[in-house]
1. Rounded to the nearest angstrom and ordered from largest down, what semi-axes does the equivalent ellipsoid of segment 70-214 get from its C-alpha gyration tensor (root of 5λ)?
2. How much of Met344 can a 1.4 Å solvent probe reach, expressed as accessible area in Å² and rounded to 10?
3. How far apart, in nm, are the 7 Å Cα→Cβ label points at Lys328 and Met99?
4. Can you tell me how much longer the chain between Ser6 and Leu76 gets when fully stretched, taken as 0.36 nm per residue apart minus their C-alpha distance, in nm with one decimal?
5. So for segment 3-131, averaging the separation of alpha carbon pairs under 8 Å that are six or more residues apart and normalising by length, what relative contact order in percent results?
6. Under 13 Å from a point 7 Å along the Cα-to-Cβ line of Asp32: which residues of segment 105-138 have their amide N that close?
7. Cut-off under 18 Å on the C-alpha distance; same-chain residues fewer than 8 positions from Lys192 excluded. Which aspartates and glutamates are left, in chain and number order?
8. Select from segment 59-143 those GluC sites (Glu not before Pro) which occupy a DSSP coil region and have at most 14 other Cβ atoms within 10 Å, ordered by residue number.
Amino acid sequence: MFQDISVNELLELQNKKKMTLIDVRSPSEYRDSTIPGSLNIPVFNDEERAEIGTIYKQVGVDAAKERGLAIMSAKLPAFVKQFKEIDGDKAVYCWRGGMRSRTAATVLSLMDIHVSRITGGIKAYRKYVLDTLEHKTLEAEAFVLHGLTGTGKTAVLRQLQQEGYPVVDLEGLAGHRGSIFGHIGLQASNQKTFDSELVERLKQVESAPYVLFEAESKRIGKIVVPDFLMEKKESGVAIVLELPMEERVRQIMEDYNPAAYKEQYLAAFQLIKNRIHTPVAAEIGRSLEEGRFAQGIRMLLEHYYDPKYNHTSSQYEDASPIVVSVDKVVEAVKAVKEILRNQMLQKTGT
């Protein structure tokens, strides 16, 4: 027989050993939000779930159960085979720890495949995430990257994260670059996914002596950054990146790849063009339309993003931010590493 475990018990087990989590909800539910790192082996696909839901509403619960059993019986061999291919400890869950996860766990147990079932399902996990974020405090010192658009803040952070530095990449978690063009070419996260991924990342860096993140706004695309991180941004050590205009344009071209998403960029530009002096906006529009993206980007920086940034970010709680003025993003990575090393040496007195 399968074993029921709570979310807290799951977290304790994960600290001791590898546990593969399997979300048995439909693919669309899984895409909407899941426990980070989970696999999706659905009991019912989206069409089957809709059909059973219709029968439940129009005929009744018994008829819905009968139809569900018929669907599950037909796909049982393939369903069991997928679980057999997963080594080690496994746990299944659905929306509230109800019929789908119970059915999956029972069937697998009969086939001598031992799994646990998470009581309360994804709903209970969501409550854990919200409770964690509501009461979270960040004790580690924060180093916060500031700088004009295109100064490579995200590129620096991601390179440092690849090298094992305790980075919290808020834009990466949000699936959004934070600008009016920030969603293009990316899969934007909803708030539930962002919150879950953020909690997991904070667990990974919580023992570090410091954390690094970018000076983001409260809102990144459609998601909202928790207050404790915004407060940490204000009190953290500010590192301001400065790059020449040519390098900033090159970095934006690399990050945004405008040639591949021309129509989307043109559409997004329509949302801000009225905030730019009319003749300048017309020239930017022509540049984008004609594929002269570098020129259009440069004008956007000079006439929209730089004035906007300078207007909103002139105050630092740290009256003396550390300024990194270099020619290339790769040099900024090296400079930030040196700042971190020196700051830690000062802290330890060595």
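1. Numbers: eigenvalues 297, 65, 46 Å².
That gives 39, 18, 15 Å for the three semi-axes.
2. Around 40 Å² of this residue is reachable by solvent.
3. That separation, rounded to one decimal, is 6.2 nm.
4. Values: separation 70, 0.36 × 70 = 25.20 nm, distance 2.67 nm.
Contour length minus the Cα-Cα distance gives 22.5 nm.
5. Details: 176 pairs, mean separation 41.3, N = 129.
Worked out over segment 3-131, it gives 32 percent.
6. 122-123
7. Asp23, Glu29, Asp32, Asp131, Glu134, Asp169, Glu171, Glu200, Asp227
8. On the way: sites: Glu66, Glu85, Glu134, Glu139, Glu141; in loops: Glu85, Glu139.
Listed in order of number, the matching sites are Glu85, Glu139.
The values are calculated or read from the model by the stated rules, or taken from the named source; none is laboratory data. Note that this is a predicted model, so its numbers are computed, not measured. Please note: Cβ atoms are built from the backbone with ideal geometry, for glycine as well, and neighbour counts cover all protein chains shown. Surface areas here come from the heavy atoms of the whole protein model, side chains and all, with no ligands, DNA or RNA. Shrake-Rupley method; radii C 1.70, N 1.55, O 1.52, S 1.80 Å.
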